[in-house]
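Enquirer: Take a look at this one; I'll ask things after.
Computed from the coordinates by the stated procedures, all read-outs in this text should not be read as laboratory data. On a predicted model such as this, the values are computed, not experimentally measured, just so you know. Note: ideal-geometry Cβ built from the backbone for every residue, glycine included; neighbour counts use all protein chains shown.
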C-alpha cells in the first residue's frame, strides 16, 4: 500500500511519514493541497491519502472534492475506478458538524490532531482493506465482463460484443473522418469437416482459424466470431484496397498449412467478402455488402476474396 501524506506543519508531517514508514508503507509527503492534487493525478498515484484539513491555498476539503469530482471516482469506468483513493482527513475540528462536512466533501474517515498512533494504525489498516476489496471486486467484475464479451471456443469477440465495438469505431471514424472496412470470412465446406473428422476436430479447426485470423491482422483491428464457422473483422482506418490486402493475408494464413487436430491434419480454406463503409450514417449496410461479396466468393468456387459491388462501383 502506497500512502500520500499532505500536511503543511513540518513536525506533524515528519512524524506521520516516519510512523507510516516504520509500519512498512511506502510514503510520499507533501506540504500543501496543490502538491497533493498533482501527486494524485499521476498514473502511479497512491491509493490512500492522509490530508490535513487546514492547508494554505488548497485545503483538505478541496482535495477531497476534487478527488470525488474526477473520473477516478466513476464506478462505471473500470480503469479509473481501480484507482479509487481512500481519503482520511487529519483535523483539529472534531465537532459533529465539522465531521459531517468532511464526509460530505468526500472523506472516507478522519483522525483528530494530535493523532494517536494506535488509532492511526487502525484507520489506515481499515482503509487499506477497503481499497484492496474494491480492487478485487473490480477485477472480478472485469473477468465476468470479459467472459460475457468473448466466444468461449475461439476467444474472439462474440457477435454482440463485436457489434458494440463496431458502433464505437463508427463513431470514432465519423469524428475523425477516417475509413473503415469490414471483412466476413466463412470456412469452406466446414460441415464436411465435422461429418468426416468429428466435432472435436472441427472445434480445433475453429480455434486455429481464429488464431490465424488474429495473427494476420493488426492489434487495432476488431476481430470476432460471427456465428458457426463465420468470422468477422473490422479494419480500422482501412479503405477497400487495404481491406482486400487484409483479407488476402488471412486467406493465405488459413490455407498455408493443415490444421493439426486429434483426428489428424486437416487442410482448410476460406472464402472472404470485403466491403468498405461508404456512408457512416448508413454504416450497418456494410454487413449486407460484405455478406453479398462473401456469397459471390463462394459462388465463384470458394477459397477466394470478393469486394462488394458497391466498392467496385
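Enquirer: Starting from 0.36 nm per residue, how many nanometres of slack lie between residue 189 and residue 144 once their C-alpha separation is accounted for? Working shown, then result.
Expert: Working: separation 45, 0.36 × 45 = 16.20 nm, distance 3.43 nm.
Gain in length upon complete extension: 12.8 nm.
Enquirer: Testing the spin-label approximation: label points 7 Å from Cα along Cα→Cβ at residue 171 and residue 126. State their distance in nm.
Expert: About 4.0 nm separates the two model spin labels.
Enquirer: Order the peptides 91-101, 300-310, 285-295 from the highest to the lowest mean number of other Cβ atoms within 10 Å of their residues. Working shown, then result.
Expert: Details: 91-101: 12.6, 300-310: 17.7, 285-295: 20.2.
Ranking the peptides 91-101, 300-310, 285-295 by packing returns 285-295, 300-310, 91-101.
Enquirer: Between residue 69 and residue 284, what FRET efficiency follows from the Cβ-Cβ distance if R0 is 35 Å, with the result rounded to 0.05? Spell out each step's value before the answer.
Expert: Numbers: r = 38 Å, r/R0 = 1.07.
After rounding to 0.05, the efficiency reads 0.40.
Enquirer: Give me the number: length gained by fully extending residue 300 to residue 163, i.e. 0.36 nm times residue separation minus the C-alpha to C-alpha distance, one decimal in nm. Don't jump to the answer; show the numbers that get you there.
Expert: Values: separation 137, 0.36 × 137 = 49.32 nm, distance 2.86 nm.
Full extension from residue 300 to residue 163 adds 46.5 nm.
Enquirer: Okay, moving on. Could you give the angle, 0 to 90 degrees to the nearest 10, between helix 285-299's Cα long axis and the longest principal axis of the Cα atoms of the chain?
Expert: That helix lies at roughly 40 degrees to the long axis.
Enquirer: Here's a follow-up. Quick check: the angle from helix 240-255's long axis to the longest principal axis of the chain, C-alpha only, nearest 10 degrees?
Expert: 80 degrees
Enquirer: Taking the mean number of other Cβ atoms within 10 Å as a proxy for protection, how do you rank 15-23, 185-193 from highest to lowest? The partial results should precede the final answer.
Expert: Working: 15-23: 16.2, 185-193: 18.2.
The most tightly packed comes first, giving 185-193, 15-23.
Enquirer: Now a separate question. Sort 140-151, 157-168 by packing, meaning the average of other beta carbons within 10 Å per residue, with the highest value first. The partial results should precede the final answer.
Expert: Values: 140-151: 12.6, 157-168: 16.7.
Per-residue Cβ counts within 10 Å, averaged per peptide and sorted highest first, yield 157-168, 140-151.
Enquirer: Taking every DSSP beta bridge that has both residues in the chain, what percent is antiparallel when rounded to the nearest 5?
Expert: Values: 23 of 45 bridges.
Roughly 50 percent of the DSSP beta bridges within the chain come out antiparallel.
Enquirer: Give me the distance between the Cα centres of segment 225-294 and segment 133-184, rounded to whole Å.
Expert: 18 Å
Enquirer: Here's another thing I want to ask about it. Given [x] 37; [y] 53; [z] 30, which label gives percent of Cα pairs over 30 Å apart as computed from the coordinates?
Expert: Correct label, based on the coordinates given: [y].
Enquirer: Next question. Which value in deg cm²/dmol, rounded to the nearest 500, describes the helix-derived mean residue ellipticity at 222 nm for the chain, given -39,500 (n - 2.57) per DSSP H run of n ≥ 4 and division by the residue count?
Expert: Working: 12 runs with 157 residues, N = 313.
So the calculated ellipticity at 222 nm is -16000 deg cm²/dmol.
Enquirer: Counting pairs of alpha carbon atoms under 8 Å apart in space and at least six apart in sequence, what relative contact order in percent does the chain give? Walk me through the numbers on the way to the answer.
Expert: Working: 525 pairs, mean separation 37.7, N = 313.
After rounding, I find 12 percent.
Enquirer: Calculate how steeply helix 117-149 sits against the longest principal axis of the alpha-carbon atoms of the chain, using the helix alpha-carbon long axis, and give the answer as 0 to 90 degrees to the nearest 10.
Expert: 10 degrees
Enquirer: Oh, and also: Grab the Cα-Cα distance for residue 9 and residue 220, subtract it from 0.36 nm times how many residues apart they are, and report the gain in nm with one decimal.
Expert: Gain in length upon complete extension: 70.9 nm.
Enquirer: Now for a different question. What percent do you get for the relative contact order of segment 159-312 when only Cα pairs under 8 Å and 6+ apart count? Don't skip to the answer; put the middle values down first.
Expert: On the way: 278 pairs, mean separation 43.7, N = 154.
Normalised by residue count, the contact order of segment 159-312 is 28 percent.
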